[in-house]
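The structure is given below, and queries will be raised subsequently.
The values are calculated or read from the model by the stated rules, or taken from the named source; none is laboratory data. Everything numeric in this text was worked out from a predicted model, so none of it was measured. All Cβ positions, glycine included, derive from the backbone under ideal geometry; neighbour counts span all protein chains shown.
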Amino acid sequence: MAELVLVNPPLTSWEQYCYLQQTSNNVAPLGLLNLAAVTREAGIETAIVDAEAQGLSYEQAIEKALSHNPSVVGVTAVTLSISNAAEFASGIKDADNSIRVAIGGPHLSAAPEETMRRYPVFDVGSIGEGEVTVLELMEAFRGKRTFDSVNGLILRNGEGTYRTPAREYLDSLDHLPLQAWDLLERFPEIYTPPAHSFGRLPVAALYTTRGCPAQCTFCSKNVFGSRIRFFSADYVLNAVRHLINEYGIRELKFYDDNMTFSKERFHTICEGMIREKMDITWTCVSRVDLVNEEMLKLAKKAGCWQISYGLEAASPRLLKFVNKGTNIEKVRKALNMTHKAGIRTRGYYMAGLPTQTKEELEETVRFALKEHVDDFQIHLFVPFPGTPISENVEQYGEVVGDWHDMNKHKVVFIPHGWTAEELDTAYSNALRRFYMRPKTVISYLGQIKSWDALVKFIKSGVTIGWHWVFGSKADAKHDEQAQAKLHSHAMHHHGSATDPEENKSAN
Ligand code: B12
Ligand code: SF4
């Protein structure tokens, strides 16, 4: 029995990564882990179903959720998975129409009205930070208060919808209980990164800040906004200790964009790891203007082996255009400093940005090859709902994909001066040029510490290589196969609840 079941909906690695599916990264659903921790603490029996990580079909996920006999099902989704969330929710309603379904997460927060309009199956949506909202929402479902008195909701009003006042941000993140890892089935066993992305197993993901004050125009920040808030160093160290002691975690992935924002706090975290001889290895994400030599040296000593930077493009004009707030000199300096400290670098770049020319993309790829980022990640630009750039993106090109295509591997935006095919090819070529270099392969192999990882690595090499040789002709077939897999257990038709467009692909 669980009054509330929180669900990460079914999503195949093909839907998420396309032909790079063998490099899929299984990360625990961090939002749901936070929500479950607070609802449980408040005495609400809570279960989590991570259908994505467990590779469940819709039918299996529905069955699993229903086995807890919930009165409320809360689903999370990014833009890519919102139609999957709706498909899943329809199955729940078909089985028991009295179950209430709430939707939350980055997509609903970015496009509340349009989402509720497209998917009548969701009873209510939670916009923004979810911990207080979910508690108050459960009180409303129990009849102890009105829905209108809960901030941060989008509610239905006949055919239409309306919002309650915005949810205020939590002042102190330290009041949040530790994430409810114990509610995840097979944690940490199934939560593994791609073969070249970890030093040791088992791995767990953490984040230490919420919100980002930078204003990159392509970035989706509708959940936590622009004010940065921190978990204290003590809180972070306590979480790390807990993961090590309870789950034998040996490596951490810090996923927040701004772990190094406060130098003092970063120092205290690193020093704590060193002092307590935690023997943990880790990676994190940062901005090139938020690191210095001293921090990097200390990070290395504390077990950090890779830092990812959002570098986006090598053209100063484009960096300015997307309001990145950095420049090539800062990029060079940060990459050099990081290498000097003995830490690997990963650079995130984008292909197909509005106004990006073919020459500028070529310049970016050359820069990445020359400046020796150890790991090169390039994704296709996506005009995510709710981002500043999405508001006037049509002026720079054509939007050709819908929400379910927004995985950063499919062309959904064609900038003026390009065709979709040219962009797709340039994107594939960029990856090929980096990954086919003996230097890259050798450096990845140097990272691999187990037979399992080696097998995974070879498998990814073969499938990706296959794609590069035979092109993207298989894509449509793969999309169909991915859908078939999710419906593999004789799913019946869910008529009215989802968008007609969605039903086409879903049946
Ligand atoms: C870590 C991370 C990942 C991890 C996995 C995260 C995970 N398993 O939880 C990895 C690397 C695998 C990943 C993959 C992808 N990611 Co990502 N990721 C992030 C990142 C950096 C942090 C997410 C996080 O953990 N936040 C912490 C938790 C606590 O926040 P939360 O999930 O939003 O949940 C809170 C609220 O939303 C709310 N809530 C959430 N669900 C629900 C449900 C209910 C019922 C209620 C009431 C409330 C509620 O309450 C929670 C607590 O306050 C964010 C950027 C960011 N700063 O948020 C991008 C971000 C979420 N990712 C994004 C994208 C696009 C993707 C990918 C599609 C492509 C890609 N590779 O980037 C895939 C899709 C993966 C998937 N299945 O969801 C975008 C989403 C934009 C969008 N509109 O779709 C973001 C916002 C980055 C960005 N700025 O553009 N990602
Ligand atoms: S891309 Fe990174 S630095 Fe820029 S606004 Fe988003 S989170 Fe902040």
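When you scan the range 394-403, how many residues do you find that are surrounded by 21 or more Cβ atoms within 10 Å (Cβ to Cβ) and closer than 23 Å to Thr12 by Cβ?
Number of matching residues: 1.
Between Thr387, Thr425, which is surrounded by fewer than 19 Cβ atoms within 10 Å (Cβ to Cβ), within 14 Å of ligand 1 (Cβ to nearest atom) and farther than 23 Å from Arg332 by Cα?
Thr387
Every residue, every condition in (1) closer than 25 Å to Thr133 by Cα; (2) in a helix (DSSP H, G or I); (3) touching a strand residue (DSSP E or B) at 6+ places or on another chain (Cβ under 7 Å); (4) within 16 Å of ligand 2 (Cβ to nearest atom), yes or no:
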site: Leu178; (1), (2), (3), (4): yes, no, no, no
site: Arg186; (1), (2), (3), (4): no, no, no, no
site: His196; (1), (2), (3), (4): no, yes, no, no
site: Cys212; (1), (2), (3), (4): yes, no, no, yes
site: Asn222; (1), (2), (3), (4): yes, no, no, yes
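Continuing with the same structure: Can you say whether Ala47 is touching a residue at least 24 places away in the same chain (Cβ under 8 Å), more than 16 Å from ligand 2 (Cβ to nearest atom) and over 15 Å from the mean Cα position of the chain (by Cα), as far as the supplied structure shows?
yes
Can I ask one more? Could you please tell me which pairs satisfy a Cβ distance under 7 Å, a separation of 6+ or placement on different chains, a first residue in the range 266-289 that is under 20 Å from Lys333 (Cβ atoms), and a second residue that is in a helix (DSSP H, G or I) and among the charged types (D, E, K, R)?
Taking only residues 6 or more apart or on different chains, the pairs are Val288/Lys330; Asp289/Lys330.
Which of the residues spanning the range 59-101 are in contact (Cβ under 8 Å) with a residue 60 or more places away in the chain, in a loop (DSSP other than H, G, I, E, B) and among the small types (Gly, Ala, Ser)?
Correct list: Ser71, Ala77.
Within the set of pairs 6+ apart or on separate chains, which have a first residue in the range 374-395 that is polar (S, T, N, Q), a second that is assigned to a strand (DSSP E or B), and C-beta atoms under 6 Å apart?
Pairs found: Gln377/Tyr348.
Does the range 28-44 include one or more residues that are surrounded by fewer than 19 Cβ atoms within 10 Å (Cβ to Cβ), more than 30 Å from Ile458 (Cα to Cα) and among the aliphatic types (A, V, I, L, M)?
Yes - at least one qualifying residue is present in the range 28-44.
Of all residues in the range 90-118, how many are more than 9 Å from ligand 1 (Cβ to nearest atom), within 22 Å of the chain's Cα centre (by Cα) and of a type in the set (Ser, Thr, Tyr)?
1
Next question. Which is of a type in the set (A, V, I, L, M) and in contact with a Pro (Cβ under 9 Å, 6 or more places away or on another chain), of Ile190, Ile154?
Result of the check over Ile190, Ile154: Ile154.
Also, I was wondering about something else. Could you please find all residues in the range 63-81 being within 23 Å of the chain's Cα centre (by Cα) and over 22 Å from Phe254 (Cβ atoms)?
Of everything in the range 63-81, those that are within 23 Å of the chain's Cα centre (by Cα) and over 22 Å from Phe254 (Cβ atoms) turn out to be Ala65, Val73, Gly74, Val75, Ala77, Thr79, Leu80, Ser81.
Let me ask another. Name the one entry in Ser488, Ser460 that is hydroxyl-bearing (Ser, Thr, Tyr), modelled with pLDDT of 70 or more and surrounded by 15 or more Cβ atoms within 10 Å (Cβ to Cβ).
When all the criteria are applied, what remains is Ser460.
If you don't mind, there's one more thing I want to ask. For the subset of the range 174-196 comprising residues that are more than 23 Å from Leu35 (Cβ to Cβ) and more than 10 Å from ligand 1 (Cβ to nearest atom), which member is surrounded by the most Cβ atoms within 10 Å (Cβ to Cβ)?
Ala195
Further question on the same structure: Give the residue, chosen from Ser67, Ser24, that is in contact with a helix residue (DSSP H, G or I) (Cβ under 9 Å, 6 or more places away or on another chain) and among the polar types (S, T, N, Q).
None of the other options fit; the residue is Ser24.
Quick check: is even one residue across the range 84-97 outside the structural domain of Phe218 (by TED's automatic domain parsing), modelled with pLDDT of 95 or more and under 18 Å from Gly401 (Cα atoms)?
Scanning the range 84-97, I find at least one residue that is outside the structural domain of Phe218 (by TED's automatic domain parsing), modelled with pLDDT of 95 or more and under 18 Å from Gly401 (Cα atoms), so the answer is yes.
Would you check which residues across the range 119-158 are more than 10 Å from ligand 1 (Cβ to nearest atom) and on the phi > 0 side of the Ramachandran plot and list them?
Gly143, Gly158
One line per residue, one yes/no per condition, for (1) within 23 Å of Ser443 (Cβ to Cβ); (2) within 14 Å of ligand 2 (Cβ to nearest atom); (3) within 21 Å of the chain's Cα centre (by Cα):
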residue	(1), (2), (3)
Asp289	no, yes, no
Asn336	yes, no, no
Gly347	yes, yes, yes
Thr364	yes, no, no
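Name the residues in the range 408-422 that are surrounded by fewer than 18 Cβ atoms within 10 Å (Cβ to Cβ), on the phi < 0 side of the Ramachandran plot and in contact (Cβ under 8 Å) with a residue 12 or more places away in the chain, would you?
Hits for the range 408-422 are His416, Ala420, Glu422.
Then there's this: Which numbered condition trips up Lys64, out of (1) surrounded by fewer than 19 Cβ atoms within 10 Å (Cβ to Cβ); (2) out of contact with any strand residue (DSSP E or B) (no Cβ under 6 Å at 6 or more places or on another chain)?
Of (1) surrounded by fewer than 19 Cβ atoms within 10 Å (Cβ to Cβ); (2) out of contact with any strand residue (DSSP E or B) (no Cβ under 6 Å at 6 or more places or on another chain), only one is false for Lys64: (2).
If Arg287 meets every condition in (1) within 16 Å of ligand 1 (Cβ to nearest atom); (2) more than 18 Å from Asp374 (Cα to Cα) apart from one, which number is that one?
Failing condition for Arg287: (2).
If only one of Ser149, Ser126 is farther than 16 Å from Arg210 by Cβ, among the hydroxyl-bearing types (Ser, Thr, Tyr) and in the same structural domain as Gln54 (by TED's automatic domain parsing), which one is it?
Residue meeting the stated conditions: Ser149.
Moving to a separate point now. Counting only residues that are of a type in the set (S, T, N, Q) and under 18 Å from Thr208 (Cβ atoms), which one in the range 281-310 is surrounded by the fewest Cβ atoms within 10 Å (Cβ to Cβ)?
Thr281
Can you work out which of the residues in the range 30-44 that are in contact (Cβ under 8 Å) with a residue 60 or more places away in the chain and not in a helix (DSSP H, G or I) is nearest to Glu3 (Cα to Cα)?
Among residues in the range 30-44 that are in contact (Cβ under 8 Å) with a residue 60 or more places away in the chain and not in a helix (DSSP H, G or I), the one nearest to Glu3 (Cα to Cα) is Ile44.
If you scan the range 231-250, which residues turn out to be crowded, with 21+ Cβ neighbours inside 10 Å and within 15 Å of ligand 1 (Cβ to nearest atom)?
Across the range 231-250, the qualifying residues are Phe231, Val236.
Can Ala204 be described as among the aliphatic types (A, V, I, L, M), more than 11 Å from ligand 1 (Cβ to nearest atom), at pLDDT 95 or above and assigned to a helix (DSSP H, G or I)?
Answer is no for this residue.
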